[in-house]
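The values are calculated or read from the model by the stated rules, or taken from the named source; none is laboratory data. What you are looking at is a predicted structure, and each value in this text was computed from that prediction instead of being measured. In this analysis, Cβ positions are derived from the backbone assuming ideal geometry, glycine residues included, and neighbour counts consider all displayed protein chains.
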Amino acid sequence: MSQSALDATLSFTPAFDEKGLIGAIVQDATDNTVLMFAHMNAEALAATRRTGFIHFWSRSRGKLWMKGESSGETFRVVEISVDCDQDCVLVTVTSENKSGGKGAACHTGRRSCFYRTLEGKDQKLLLKS
């Protein structure tokens, strides 16, 4: 499909990379905070759409996983948007912590994986306040 046709289409045709993955940005529906970035394969995308809870493909473990399956930090999908060339999705979510979670997206226990900023010419990382 040409780029102009891809830009205009209303057909969902995700452009998975050579490893069968697509990037997924996760954003909080209540305040638009970017919570995390992960990868989905076709199975993870299908599971997310089928269940209403976000799923990913773990590159390190080589398996499908539902966010929060062990931590209790589950996220219900509100909306899935796709970028212009369909190689990335933006998944807007709400936190559902039925298993004792605290609304944290990051494995460190922080709400967002984006908790540091790159500062100055020496490119030092600083914690966000």
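Table for the structure above
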item: Subset of segment 10-33 (residues that are hydrophobic (A, V, I, L, M, F, W, C) and either more than 14 Å from residue 81 (Cα to Cα) or at pLDDT below 95 (or both)); result: 10, 12, 15, 16, 21
item: Matching entry among 70, 60 (being among the small types (Gly, Ala, Ser) and modelled with pLDDT of 90 or more); result: 60
item: Segment 24-43 residues that are at positive phi and in contact (Cβ under 8 Å) with a residue 60 or more places away in the chain, paired with ones that are surrounded by fewer than 16 Cβ atoms within 10 Å (Cβ to Cβ) and assigned to a strand (DSSP E or B) (beta carbon under 7 Å, 6 or more apart); result: none
item: Any chance residue 35 is over 30 Å from residue 129 (Cα atoms), crowded, with 17+ Cβ neighbours inside 10 Å, within 16 Å of the chain's Cα centre (by Cα) and not polar (S, T, N, Q); result: no
item: Residue selected from segment 1-46 under the condition assigned to a helix (DSSP H, G or I) and of a type in the set (D, E, K, R), by the criterion nearest to residue 62 (Cα to Cα); result: 43
